[in-house]
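J.: The structure that follows is given in the form of structure tokens.
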Amino acid sequence: MTFTAMKLKKSLLLISVLCGVATAFASELKQGDVWTDTDGNPINAHGGGILFHNGTYYWYGESKGENTYRSPGIDWECFRTDAGGVGCYSSKNLKDWKFEGIVLKPEIENTRSDIHPTMVIERPKVIYNDSTGKFVMWMHIDNAAYNYARCGVAVSDSPVGPFVYLRSERPNGSECRDMTLFKDIDGSGYLIYSSEGNSTLHISKLSDDFLSQSGVYSVALKNQSREAPAIFKHGDFYFMVTSGCSGWSPNEAEYAVASSIMGPWKTVGNPCSGKDSDKTFYCQSTYVIPVSEDGSEDYVIMFDRWNKSNLIDSRYVWLPIKVDGENIDIPWNENVPSFKD
Ligand code: GAL
């Protein structure tokens, strides 16, 4: 047995011993295949994130339009579709996904709306606020030229919407593009976003109701040009996987570790290993799902494998993360983890 095969066998054993929900690798579903919902339609939830609430997983993501076109007059490869709002799928087992509809609908009539189809709605994430009982969505809002650089917020009484769009802002007066949300175990919410021309990440503590910024924020990975942040916490450490900035084209991922969400964050290196790990398996990070019931053991990272010339046909790659102290490893496997029912 080769060293790599031994390592893989060891990690499979470790995964099954830790045994949250991700137990092994299924053979029937391959990374990057067309993943379908329970109606047999391709899942259209890109740049997405997962909320686990009352025993159900909710997957929110960008609903891409049928036609991909290039924004005119822009010198970089600004491929896009009309903004189709935010789609939601629900599942009990992270495997069978029921389409719950477009839970944040684009505003078709109002041409000046942030969520008009001519705008950009990307990387939506939802967290539940324990004190207000509301589901709060934040997302990157931009214009066709990507120079609006704001975050939008929407709210709902139910995880499956409808979400009511409230407004967009430049959090703490700074640009906001690729973003994620993180809810800590004390119930606090954080908005993490690429800012300052995508050169530096900002970490902003949300207000108690999650609908605005608290005014407390810090900067991370200054001048390192990172985007696509995906954060999780294990034991005493917070981990953040990011991509470099090369639009829809893949690049090498990096991860950073911190003992406080506000930093300081220490860059460690590429968390991916195996085939095409220098290109993040031709993917870009979007979210980390804590998979075991108490969120303490197994983690699965969600990646997008973008198809820039036909964005709706972008695919998904989900891989278990192995955590060892301050280090993480995301080994390639062509099979999607199988989740226990
Ligand atoms: C990526 C970003 C995507 C999207 C794309 C546009 O770098 O992560 O969310 O904004 O650029 O080209």
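J.: Would you check which residues across segment 239-257 are surrounded by fewer than 21 Cβ atoms within 10 Å (Cβ to Cβ) and more than 16 Å from the ligand (Cβ to nearest atom) and list them?
T.: Within segment 239-257, V257 is the sole residue that qualifies.
J.: I would also like to ask the following. Pairs needed: first member in segment 65-80, β-branched (V, I, T); second member anywhere, near the ligand (Cβ under 10 Å from one of its atoms); C-beta distance under 9 Å; at least 6 residues apart or different chains.
T.: From segment 65-80, the pairs are T68/F79; T68/R80; T68/K308; T68/L311; I74/Y146.
J.: Just a yes or no: is a residue in segment 190-207 farther than 30 Å from D278 by Cα, open to solvent by 10 Å² or more (accessible area, probe 1.4 Å) and aliphatic (A, V, I, L, M)?
T.: no
J.: Please list, ordered by first then second residue, the pairs with beta carbon atoms under 6 Å, 6 or more apart or interchain, first in segment 266-287 and at pLDDT 95 or above, second among the polar types (S, T, N, Q).
T.: From segment 266-287, the pairs are C272/T280; Q284/S243; S285/S243.
J.: Could you please give the count of residues in segment 264-287 that are under 27 Å from Y60 (Cβ atoms) and not charged (D, E, K, R)?
T.: Start the filter on segment 264-287 by keeping residues that are under 27 Å from Y60 (Cβ atoms), which leaves 265, 271-272, 279-287.
Restricting the remaining residues to those that are not charged (D, E, K, R) gives 265, 271-272, 280-287.
Residues that pass the stated criteria total 11.
J.: Which of the numbered conditions does H234 fail, given that it passes all the others? Conditions: (1) touching a residue at least 40 places away in the same chain (Cβ under 8 Å); (2) within 15 Å of the ligand (Cβ to nearest atom).
T.: All conditions are met except number (2).
J.: Output the residues belonging to segment 135-157 that are within 16 Å of the ligand (Cβ to nearest atom), over 16 Å from the mean Cα position of the chain (by Cα) and outside any loop (DSSP other than H, G, I, E, B).
T.: D142, R150
J.: Considering every residue within segment 111-126, establish whether at least one is in a strand (DSSP E or B) and more than 16 Å from the ligand (Cβ to nearest atom). If you could, list the steps in order and put the result at the bottom.
T.: Going residue by residue through segment 111-126, those that are in a strand (DSSP E or B) are 120-126.
Okay, now just the ones that are also more than 16 Å from the ligand (Cβ to nearest atom), so 126.
There is at least one residue in segment 111-126 that is in a strand (DSSP E or B) and more than 16 Å from the ligand (Cβ to nearest atom).
J.: Counting residues that are within 30 Å of H116 (Cβ to Cβ), which strands (runs of 3 or more DSSP E) fully inside segment 164-266 reach at least 3? Explain how you work it out, then say what you get.
T.: Values: elements: 164-169, 179-183, 189-195, 200-206, 213-220, 227-234, 237-243, 254-258.
It comes to 164-169, 179-183, 189-195, 200-206, 213-220, 227-234.
J.: Suppose we keep only residues that are open to solvent by 80 Å² or more (accessible area, probe 1.4 Å) and part of a loop (DSSP other than H, G, I, E, B) within segment 53-78. Which one would you say is nearest to the ligand (Cβ to nearest atom)?
T.: W76
J.: While we're on this one: Looking at this structure, is V160 in a loop (DSSP other than H, G, I, E, B) and either in contact (Cβ under 8 Å) with a residue 24 or more places away in the chain or closer than 24 Å to N41 by Cβ (or both)? Show your work before the answer.
T.: Values: in a loop (DSSP other than H, G, I, E, B): yes; either in contact (Cβ under 8 Å) with a residue 24 or more places away in the chain or closer than 24 Å to N41 by Cβ (or both): yes.
Yes: the conditions hold for V160.
The values are calculated or read from the model by the stated rules, or taken from the named source; none is laboratory data. Just so it is clear, the structure is predicted and the values come from calculations on it, not from any experiment. Note: ideal-geometry Cβ built from the backbone for every residue, glycine included; neighbour counts use all protein chains shown. Protein only, heavy atoms only, side chains kept; ligands, DNA and RNA dropped before computing areas. Shrake-Rupley method; radii C 1.70, N 1.55, O 1.52, S 1.80 Å.
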